[in-house]
1. Given N residues in the chain, what is Rg(Cα) / (2.2 N^0.38 Å)?
2. Nothing charged except the Cβ atoms of Lys and Arg (+1) and of Asp and Glu (-1): what's the magnitude of the dipole of the chain about its Cα centre? Round to the nearest 20 debye.
3. Regarding the range 47-186, what's the average projected area of the Cα-atom convex hull, expressed in nm²?
4. Please give, to one decimal in nm, the separation of the simple spin-label points placed at Asp155 and Ala30, each 7 Å out from Cα toward the Cβ.
5. In what sequence, highest mean first, do 182-195, 130-143, 82-95 appear when ranked by Cβ atoms within 10 angstrom?
6. Run a plain Debye calculation on the range 1-94 (Cα atoms as equal point scatterers, no solvent) and give log10 I(q)/I(0) at q = 0.14, 0.20, 0.24, 0.25 Å⁻¹, rounded to two decimals, same order as the q list.
7. Where in the range 121-226 are there chymotrypsin sites (Phe, Trp or Tyr not before Pro) that are in a DSSP coil and have at most 16 other Cβ atoms within 10 angstrom of their Cβ?
8. Relative contact order of the chain, please, whole-number percent, based on alpha carbon pairs below 8 angstrom and at least 6 residues apart.
Amino acid sequence: MSPIDRAAHLNRWRHRSLAEKAVLALGMLALAVILPPFPTALVVVVVMVPATLAGARVPLKVWLGCAAAPLGFLLMGTMPILLRLDATGLGPAPGGPALAAGLAARAIAALSCLLFLALTTPACDLIGGLRRLGLPAEIAELALLIYRFLFLLGDTALAMDAAQAARLGHVGLGRRLRSLGLLIATLLPRALERARRLEIGLAARGWDGEMRVLSRRAALSPSALALVLALEAATASAGIWLS
């Protein structure tokens, strides 16, 4: 089981209603996108990160592991906004720091909202909720299979890397680069082979094109939903008033 799945199944708010968590995450996401980034995005981060770590009791290590790659892409994406390359050379772009700060604030706020939903709600519950909203069954099954294939790809990469390390493939920079090239070259065929075996196993068990999973549907709490809406209203009011 991946750390994301483990956190989603074992967190404190695992059995809270999907509607409550979705309204909180998507509502805060909408506020971070629509309203000015300062201070709305900062307020969203202050609300959503403690809600994930302290409220749902998601481990900090898991949260940081999930946020590392998006934050790295964000850092790389803000560099062209901060800097300008012209005939005079490389230098700071006019208005770049303010624009980059606003972009980074919105992105971090949106990331905190999406991580809250991903780390507190299993994928089967999310797909089940989308089905109840009218998502076609074919798209739902494709989403579940892609989700599974991503972790299968990661497991294959980890197994291959461990095998290379056991054969001293990580000794020295030259061997490590060669091992990395071999891993990249053979990763996709190996993952596709494992996915093919998964498909054969499903067909042998009478799979008819629909992946049925057990998912307990929690009852919606009107008081909790009212609290979520009040929190979003307060965040929107603070963002509008302070901006």
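Please treat every number below as a calculation from the coordinates, not as lab data. A quick note: this is a predicted structure, and the numbers were derived from the prediction, not measured. Note: ideal-geometry Cβ built from the backbone for every residue, glycine included; neighbour counts use all protein chains shown.
1. 1.24
2. Values: 24 positive and 13 negative charges, 148 e Å.
Magnitude of the dipole: close to 700 debye.
3. On the way: hull surface 56.0 nm².
Mean projected area of the Cα convex hull: 14.0 nm².
4. Roughly 3.8 nm, to one decimal.
5. Working: 182-195: 13.6, 130-143: 11.9, 82-95: 9.9.
Descending mean neighbour count gives 182-195, 130-143, 82-95.
6. Listed by q, the Debye log ratios stand at -0.70, -1.12, -1.31, -1.34.
7. On the way: sites: Tyr147, Phe149, Phe151, Trp207; in loops: Trp207.
Answer by residue number: Trp207.
8. Numbers: 215 pairs, mean separation 85.7, N = 243.
Over the chain, the number comes to 35 percent.
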